[in-house]
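A short write-up of the structure that comes next.
Just so you know, all these numbers are worked out from the coordinates, no wet-lab data involved. Note that this is a predicted model, so its numbers are computed, not measured. Note that we place each Cβ from the backbone using ideal geometry, even for glycine, and neighbour counts take in every protein chain shown.
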Amino acid sequence: MIFSIIVQAPPVQSQGAETALRFTRAVLAAGHQVHRVFFYRDGIHNGTDLASHPQDESSLPAQWQALAQEHNLDLVVCIAAAVRRGIVNEGEAKRYHHEHWNLAPGFELSGLGQLVDTCLQADRVVTFGGRS
Amino acid sequence: MILHTLNQGPGNPALLENCLTAMTATDTLLLIEDGIYWSLPAYADTLARVPGRVQALESDLTARGIKTALTTVDDTGFVELTINHDKVVSWF
């Protein structure tokens with residue numbers, strides 16, 4: 001079965017992104033396919049390359065990267081949600097005349113069309129939200 | 001057959017009320033994250049009004065030190081629930 005995961009929860013302030021990561025791992029472990037993980041609204045903060053965590057805590061952005069590398073996952077960060085919150089790749093940094101960029105390797109910026117495609121391609125779409 | 005996930009506790013009673021309005025008898029409510037707190041004995045009357053089945057995510061119960069008489073599922077069981085239902089609605 002093909003799954004798509006939508007992450008609207010930020011990596012630190014709420015538990016939703018952690019639940020999404022665990023759920024994605026369980027989907028893959030059960031032998032199912034993950035078509036895409038789409039990070040939307042405050043969930044885009046999962047795509048930062050600049051978060052530094054205490055040594056005894058796990059870094060969600062790093063875990064997403066590792067999982068994506070292992071399973072060749074498509075990690076898409078909503079471009080409109082990201083640029084307004086200060087998550088940019090090199091291309092967007094140039095477009096907006098920023099000197100720096102911070103989108104982590106393994107993530108890509110794309111539009112809501114990818115979200116529509118995500119919903120159309122998957123047998124199940126599961127959303128993980130914040131505020132918890 | 002819809003699986004509803006709910007991740008907020010009694011601090012946001014409106015969220016559960018909205019979920020109950022949308023649920024039917026063939027649906028399942030899965031309590032996750034802070035939604036786990038609805039399984040405390042103090043809220044038994046509220047949970048009794050859920051029209052369908054109620055289950056709770058094991059790891060979130062363990063993280064909060066709560067034991068419940070509800071059916072529990074681990075992450076693998078969560079995935080199976082999403083497959084056994086036609087679609088998933090997330091309340092957050």
Multiplying the sequence separation of A:ALA66 and A:LEU112 by 0.36 nm and subtracting their Cα-Cα distance, what value in nm do you get? 14.1 nm
For the pair B:ASN84 and A:LEU120, the simple spin-label estimate (label points 7 Å beyond Cα toward Cβ) gives in nm 3.3
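In peptide A:109-120, how many Cβ atoms from other protein chains are near each Cβ within 10 Å, on average?
Taking the mean over all residues of the peptide, I get 0.
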Value at 222 nm in deg cm²/dmol, rounded to 500, when DSSP H runs of n ≥ 4 in chain B each add -39,500 (n - 2.57): -9000 deg cm²/dmol
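Pull out a ≥ b ≥ c, the square roots of the eigenvalues of the alpha-carbon gyration tensor of the stretch A:2-128, then state rounded if a/c is under 1.5, prolate if not and a/b is larger than b/c, and oblate in the remaining case.
oblate
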Prolate/oblate/rounded label for the protein assembly as shown (Cα gyration tensor, a/c 1.5): prolate
Please state the relative contact order of chain A as a whole percent: Cα pairs under 8 Å, 6+ residues apart? 38
Label-point gap, in nm, between B:ARG53 and A:HIS97 - each point 7 angstrom along Cα→Cβ: 5.9
Taking a ≥ b ≥ c as the square roots of the eigenvalues of the Cα gyration tensor of the stretch B:2-91, is the shape rounded (a/c under 1.5), prolate (a/b larger than b/c) or oblate? oblate
